[in-house]
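Colleague: If you scroll down you'll find the structure; I have some questions about it.
The values are calculated or read from the model by the stated rules, or taken from the named source; none is laboratory data. Only a predicted model underlies this, so the values are computations on that prediction, with no experimental measurement involved. Cβ coordinates were reconstructed from backbone atoms using ideal geometry, including for glycine residues, and neighbour counts include every protein chain displayed. For accessibility, only protein heavy atoms count, side chains too; no ligands or nucleic acids. Shrake-Rupley method; radii C 1.70, N 1.55, O 1.52, S 1.80 Å.
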Amino acid sequence: MTSVLKLENMTMADFEHVAAALREGGLVCLPADTVYGLASIPHLEATEKIYEAKGRAELKPLALVFTEATHIVSMVTDLPEVIAAALPKLMPGPVTCILPLASPLSGMEFHSADSVGVRIVPPPSGDLYKHLPSPLAVTSANLSGQPDACAVDEILEEITAACDFVIDGGRSRLCAPSTIVDLRPLAAGEQPLILREGPMRAEEILRRLRSLE
């Protein structure tokens, strides 16, 4: 049975129960600054539950949500220096950054090949993730092709029924999917590619990265 928790009322015991459910391969619906997410640890048996719940094509990759840019750099090894330097200029924020993968991520089993999308959710909702396993594999908490959920009461029952916990953090502040920016061109001295423009506009991303030139 799915438990619904109010983020503002959660105790350390609640955080520990949610973290334990994730470590055991369960699914959790989480708030973010953008839209609500459906999360698991990035191990194959757990992420397959995400694809099943969403009706999502398994070749479509999931993003990894971290709590710190330094954690990303330590885990995604052999990042070009310019790409590593770009991360703290864009995150935390409503941005998913596409990074090159020189080799498979250690201990990770999820659908990815030569790249991975990473996010850091800003406070206040981002504070929740500091109590949970890191990184988490996350995608939007909706059925594939259906509208995103900006509040718990907008998440369809098909999604919540697959979860161990649903965490209610109120309505998402931005209520729009994150901007997706491909940072791989930076390694060749080129501008990043905006694959999906969202709350952080292309001109703002280029402004923040100008100091890297």
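Colleague: Based on the Kirkwood radius over alpha-carbon pairs, what value in µm²/s does the Stokes-Einstein equation return for the translational diffusion coefficient of the chain at 4 °C and 1.567 mPa s?
Modeller: The calculation lands on 75 µm²/s.
Colleague: Considering Cα pairs under 8 angstrom that are at least six residues apart, work out the relative contact order of the chain and quote it in whole percent.
Modeller: Working: 437 pairs, mean separation 67.8, N = 213.
Answer for the chain is 32 percent.
Colleague: Restricting to bridges with both residues inside the chain, how much of the DSSP beta-bridge set is antiparallel, in percent to the nearest 5?
Modeller: Rounded to the nearest five, the antiparallel share is 55 percent.
Colleague: Could you name the lysines in cross-link range of Lys49, using Cα to Cα under 21 Å and dropping any fewer than eight places away on the same chain?
Modeller: The qualifying lysines are Lys60.
Colleague: Right, something else. What value, in deg cm²/dmol to 500, does the helix sum -39500 (n - 2.57) over DSSP H runs of n ≥ 4 give at 222 nm once divided by the residues of the chain?
Modeller: -7000 deg cm²/dmol
Colleague: Taking a Cβ-Cβ separation under 4.7 Å as the criterion for a possible partner, which cysteines of the chain have none?
Modeller: Among the cysteines of the chain, those whose Cβ sits 4.7 Å or more from every other are Cys29, Cys97, Cys163.
Colleague: Also: Would you calculate the separation in nanometres between label points at Ser3 and Ala202, each defined as 7 Å from the Cα along the Cα-to-beta-carbon direction?
Modeller: Modelled inter-label distance: 4.6 nm.
Colleague: Students sometimes get this wrong: rank Ile194, Ile98, Ile50 by accessible area, probe 1.4 Å, all chains present, largest first.
Modeller: Details: Ile194 60, Ile98 30, Ile50 0 Å².
So, going from the largest accessible area down, we get Ile194, Ile98, Ile50.
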